[in-house]
Structure formats: C-alpha cells, structure tokens
Amino acid sequence: MDAAAETTPLLSVRDLRVSFALDEGLVRAVDGTSFDVMPGQVLGVVGESGCGKSVTMRAILQLVERPGRITSGEIRFRRDGEIVDLARLPPRGPVMRDIRGGEIALIPQEPMAAFSPVHTVGEQIIEAILLHGHRWGEKKLSRKDARDITVGLFRDVGISMPSQRVDAYSWQLSGGLRQRAMIAMALSCKPRLLIADEPTTAIDVTTQAQVLALLRDLQAKYNTAIIFITHDLGVIAQMASYVVVMYLGRVMEQGPVDEIFHTPKHPYTQALLRSIPSMTGTTRVALPVISGALPHPFNRPAGCPFHPRCPDVMERCSKAVPSLRPVTPTQLASCFLHHDQAEPS
Ligand code: SF4
C-alpha cells in the first residue's frame, strides 16, 4: 500500500443519523456521529448501552432493521481506489452484498446466533469463501480449495484438530471455540475492516483474554482495521490505538488512547475515568456508573445530551448542541468548555 493510502481513511463516517419511528415516538439512536478509521488501525468505540454504538455499526453494514433507517449523513468507504458512500447503497444490492461479509466483516456479540444449527460451521465458512472467492486471487476456487482455506483459518485462530472441527455443528462447540470459529468466518473473506461488537461478552474471562490476544495477533498478521465496540474500558486500553467515546448517539470525544486515558477533555470521559478504581496493566473494568440516570430515549435532552448529568454544566449547554471540534492537535471533543463564547455551536 502506498504512503498516501496509509494516511487516507479507510472509512469516514460523517454526521450519521439513524432514527427509529416507533408508535411511542421517534428515537434518534444515532444523532450526528462522525469518526474515521485508518487502514490497519484498531479503533475502540466505548459507551454505555443505548449510546448508539451498535446501531452505528449496523448502519455501516446497512443492517439497520425496520422501523430504523439512516436519515442523513455519509459513510464513505474506500474500495479499489474509489470512495463509495455506503449510506446511499441499496442494502440488498450487489455492491453492498459484496462489501458486507467481504470487505467489511462483523463479529457479533453472540456467535451461537450467527451460525445456522443445521449446517456444519465448516460448510458455512466454505460457502462464504466461495461467494467472495475473488478476494483470494484470480483463480476460481474449488470447494476443496475453500475447505483447505477454512482449515488454515481454524488453525490461525487457534482451534485444535482443525480438519475435524470444520465438520462440527456450532452447538457441538464450546463458547470459546464458537467465538474462534466466528472470527475465522469473519476473516474468511480477507476483510479490510472487521467490526467486533462486544465480541467477548458471551464467553468466560480466561477465554476472553485469549480471544483478545488472538484478535491482536490477527490484526498484526493481516493488517486488518478493527472497530472494537465495548463498554469495557480495560478492553479499550488493551486493544485500541484510538478511541471514540459515544453518548446518546453522539461522539463526545475522540483521540489517541493514551491521551483519552491521561488527559480526557470531555466531562463525560472524565467521569468515566474518575469512577475507575485502577486502570493498570491487564485489569479489566466494566464501564462505571456515572451519577444521574441515562435519559429515556423518548426524552432526549435539548442541547448537549450530557447536560443533565454534567458537573460542569453552563447555561448555554441546555440551549445548543456543541459540535465535535479539535481541542488539542490530536483530540476532538463536543463540549462548550472548549468552545469560545463567541463561536456558534
Ligand atoms: Fe457539560 Fe456543557 Fe460540556 Fe455538555 S457542553 S459536557 S453540559 S460543559
């Protein structure tokens, strides 16, 4: 890859909005989210449940289910030297189908649900490889080639006896093995971007550590960019080089992981970090509780979404929404504390 390509984002999400029209009212699940993912970067997206992180990722893959829909914004993805706006592509059209599962793959929270119980995991991965076979080179792949690739992937993700295990059904595998098989499935089409949505939620702590180490190794081996979604700040510290902090569908702050952890600028990030007892080494800490309740989705606060819980709230905070803007050469925050009084929101 040339130097310019390395410094050009692989994915640029700009002012993305996703709403759900429910009988009770409109839920703005994603309300103007923007961030970039660079080639080979591990981006951590952190936030409490309901902050819009999973919906944002489903929007990238055009998998938002009705009554949800992308109402505005851009999702620019770089493929073959061209920029494609995924938000404008028909969700079931050929280009989106080729990108989804091919160039962008998802590791879901619950791998049990991702595999069909009536086919072996190997058959399902072989089908995915044959569907996106061109990503493995010019030669048309035979079923035997696809099976050999699957066995190799099982070996890469640390599944012992790979040539036997490809013939297992998902319900015959332990939680940890299923998660590894799911990672093999996600890698089967050589994606340039992997979206891992809380991938260690459903497995025990020891296996979680192994899966995180595995993802780090695979990222280094394949130079795949990863968006790592989690509510666990410890996982972010271990995995990510860059962090996006989300709250009520908006990005509160983003920047390199060291700066976000050591010099957070946004009161929400500061509150998250203040509540953590220790943040050292491999200590894993779930997202702490911050004073005040997360507002109900139908009662979204006017102005800055964090203002009802913010210790630094000012008069203007309930009247206007602060935009995301640079607050240091490398950090961005959406907070009036860092806006000039004279500046517009
Ligand atoms: Fe707090 Fe105001 Fe900043 Fe929002 S804009 S985080 S309410 S200081």
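Things worth noting here:
- Qualifying residues in region 195-230 (those that are assigned to a strand (DSSP E or B) and among the small types (Gly, Ala, Ser)) - the one surrounded by the most Cβ atoms within 10 Å (Cβ to Cβ): ALA196
- Candidates VAL245, VAL257, filtered to the one that is of a type outside the set (Phe, Trp, Tyr), surrounded by fewer than 19 Cβ atoms within 10 Å (Cβ to Cβ) and at pLDDT 95 or above: VAL257
- Hits in region 124-162 (condition: of a type in the set (Gly, Ala, Ser), loosely packed, with under 14 Cβ neighbours inside 10 Å and closer than 29 Å to GLN208 by Cα): GLY152, SER160
- In region 310-333, residue nearest to the ligand (Cβ to nearest atom) [restricted to those that are closer than 16 Å to PHE35 by Cβ and in contact with a Gly (Cβ under 9 Å, 6 or more places away or on another chain)]: ALA333
- So GLU103, is it out of contact with any Asp or Glu (no Cβ under 6 Å at 6 or more places or on another chain), of a type in the set (Asp, Glu) and under 18 Å from ALA186 (Cβ atoms): yes
- Picking from residues in region 299-309 that are of a type outside the set (D, E, K, R) and not in a loop (DSSP other than H, G, I, E, B), the one that is farthest from the ligand (Cβ to nearest atom) is ASN299.
- Within region 231-274, considering residues that are in a strand (DSSP E or B) and among the hydrophobic types (A, V, I, L, M, F, W, C), the one nearest to SER54 (Cα to Cα): MET246
- Region 159-191, subset part of a loop (DSSP other than H, G, I, E, B) and out of contact with any helix residue (DSSP H, G or I) (no Cβ under 8 Å at 6 or more places or on another chain), residue nearest to ARG216 (Cα to Cα): PRO191
The values are calculated or read from the model by the stated rules, or taken from the named source; none is laboratory data. Predicted, not measured: the structure shown is a model, and the values here were computed from it. No Cβ is skipped: glycine too gets one built from the backbone with ideal geometry, and neighbour counts run over all protein chains shown.
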